[in-house]
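Asks: Following this message is one structure expressed as structure tokens.
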Amino acid sequence: MRHDESRALYDRALSVIPGGVNSSVRATRPYPFFIERGDGAHVVDADGNRYLDYVMGYGPLLYGHDMPEPVRAAVQSHAADGPMYGAPTEVEVELAEFVARHVPSVEMTRFVNSGTEATVSAVRLARGYTGRDKIVVMQGGYHGAQESTLVEGEYEHAEPSSPGIPSSFAEHTIPVPFNDVEAAERVFEEHGDEIAAVLTEPILANTGIVMPVDGYHERLRELTENHGALLIFDEVITGFRVGGLQCAQGKFGVTPDVTTFGKIVGGGFPVGAIGGKAEILEEFTPAGDVFQSGTFSGHPVTMAAGYENLKYAAENDVYGHVNRLGERLREGISDIVADQAPAYTVVGTDSMFKTVFTREGPAGGDGDAGDRHVCDAGCRQDESCARYDHCPKTGADVANAETERWERLFWQEMKDRGIFLTANQFESQFVSYAHTDEDVEETLEAYKEAL
Ligand code: PLP
């Protein structure tokens, strides 16, 4: 594969864009390939190389790179009418109505422009609504580039994880290990009347994919309810990806007070959203006093893309297709792993998948080749499963994997075989409606060779 054009573009970018990229995760080594265009489930780079894409823009592209016809038509027509107005439009009401009809926790939605903006506003809303400052987050969880959640450490020992964030932000954030019921109980015992909210992804989707164990979210729901705190599900990735139109909260049967969205709800255009009970959402200005505002919020082109996107999913077997291919991929990779590389674990659910290199042979299983398993939604409910102990349960389980190996070896090997995976051990991968059974076969062949 030649990469001369990408290398030249990267050299130019390095002079005018810090690190050559506009989002740090894109800075693959030795240099990123620059995309020229998308084509269904594929992308084509500046040198004309074609890759089967499982990055899917890091999640927003449920349909791959070709918009379904009604989505394309709506986007073009709204763009042609004039990009935005600074006054309300019908299509933002239509999208809010759609979300309220399908997502169990949502009666009202405020739209913003990114997942980060959504989680920032959700945290402010929870603090304003409860009159408390502390938020509980999960170690290894990710909620975008916001000061309150960019923390490391545990319990009261949180520190900002980036320079530039005053440590006073971390003072109000309590990180606990995901899936650890006792840790959550302890925090509520010690700080119950200071906690504004527990903020968690229903599935840790930015740290290798960690599924919740049975009963975990249910216990968080009880603890928050008993102590007058809010439960916020960050469904920026899982929203309209896991559990179909009901999202992960529908799949797991746990209803949070507030939900943050992003990615798919904007149909590939910049978006975020905060949804929840009217009583809570109406704390936002101008109905209430918690300040929330944005020049581009509810952008008509984004709203039209999001609305038509979700309507198309409601009217066609989109989730049936992507989830079936997701399962075929996970099962197929787990066969290959069992045969060739038992120290890998296959994780994921619905149309999300990842392999985690756990260093050791399977714990809980016999550690031999032939021990086939996927850590998915079924497994989390079955502690008697031979490989249950082997599934990652916390962010640390993934962080302690041999994460270097993913980027240094595996990602490169797959890229050289024309398969575009997420470039580090932590980010999820996604199947789109544009992927086919033949694509899955091709991917499994590449896994077989690369592993
Ligand atoms: N929350 C979660 C769970 C995410 O995965 C992300 C981004 O990947 C964000 C929030 C931040 O979203 P954005 O990158 O749109 O700001």
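We did not get these values from a lab; they are worked out from the coordinates using the rules stated. None of these values were measured; they are calculated from a predicted model. Using ideal geometry, Cβ is built from the backbone for each residue, glycine included, and neighbour counts are taken over all protein chains shown.
Asks: Under DSSP H, which helices of the chain have Cα atoms covering 24 Å or more of the helix axis and a Kyte-Doolittle average no less than -1.0?
Replies: Helices passing the filter in the chain: 318-340.
Asks: As a test of the formula, what do you get for the chain when each DSSP H run with n ≥ 4 contributes -39,500 (n - 2.57) and the sum is divided by the residue count, at 222 nm and rounded to the nearest 500 deg cm²/dmol?
Replies: -10000 deg cm²/dmol
Asks: To the nearest 20 debye, what charge dipole does the stretch 385-444 have about its Cα centre, counting +1 at the Cβ of each Lys and Arg and -1 at the Cβ of each Asp and Glu?
Replies: So the dipole magnitude of the stretch 385-444 works out to roughly 280 debye.
Asks: Something else about it: Loop only by DSSP, 15 or fewer other Cβ within 10 Å of the Cβ. Give me the GluC sites (Glu not before Pro) in the stretch 160-249 that pass, ordered by residue number.
Replies: Passing sites in the stretch 160-249 are Glu171.
Asks: Exceeding 29 Å between C-alpha atoms, which entries from my cross-link table qualify? They are Lys251/Lys311; Lys263/Lys415; Lys251/Lys354; Lys251/Lys448.
Replies: As for pairs spanning more than 29 Å Cα to Cα, those are Lys251/Lys448.
Asks: Stretched out fully, how many nm does the piece from Thr295 to Ala73 gain, at 0.36 nm a residue minus the Cα gap?
Replies: Contour length minus Cα-Cα distance gives 77.5 nm.
Asks: Turning to a different aspect of this structure: Listed highest first by mean packing, meaning other Cβ atoms within 10 Å per residue, what order do 280-287, 395-402 come in?
Replies: The most tightly packed comes first, giving 395-402, 280-287.
Asks: Kindly write out, for the stretch 162-178 in residue order, the coupling ³J(HN,Hα) from the Karplus curve 6.51 cos²θ - 1.76 cosθ + 1.60 (θ = phi - 60°), rounded to whole Hz, with x marking Gly and Pro.
Replies: Working through the residues one at a time gives 9, x, x, 10, x, 5, 5, 5, 5, 4, 9, 10, 10, x, 10, x, 4 Hz.
Asks: Now for a different question. If you average 1/r across every pair of different Cα atoms in the stretch 11-141 and take the reciprocal, what Kirkwood value do you get, in Å?
Replies: It is 19.0 Å.
Asks: In Å, what Rg and Dmax follow from the Cα atoms of the chain?
Replies: Gyration radius and largest Cα-Cα distance of the chain: 21.4, 63 Å.
Asks: When 1/r is averaged over all different Cα pairs and the result inverted, which Kirkwood radius in Å belongs to the stretch 126-275?
Replies: This gives a value of 15.5 Å.
Asks: Right, next: Would you mind computing, in nm to one decimal, how far apart the modelled labels at Thr436 and Tyr155 are, each placed 7 Å from Cα along Cα→Cβ?
Replies: 5.6
Asks: Taking the simple approach of a point 7 Å from Cα along Cα-to-Cβ for both Glu5 and Asp66, what is their distance in nm?
Replies: 2.1
Asks: Then there is this: Give the long-range amide H neighbours of Leu230: residues separated by 5 or more places, or on another chain, with amide H under 5 Å away, using H modelled in the peptide plane at 1.01 Å from N.
Replies: The list, which skips near neighbours in sequence, is Ala197, Val198.
Asks: For Glu402 paired with Asp193, estimate the spin-label separation in nm (one decimal), with each label point 7 Å from Cα along the Cα-to-Cβ line.
Replies: 5.2
Asks: Can I ask one more? Within 10 Å, count the other beta carbons around each residue, average over each peptide in 12-22, 141-151, 63-73, and list them highest first.
Replies: 141-151, 63-73, 12-22
Asks: Follow-up. To the nearest Å, what is the center-to-center distance of the stretch 30-77 and the stretch 134-150, using C-alpha atoms only?
Replies: A separation of 29 Å, based on Cα centres.
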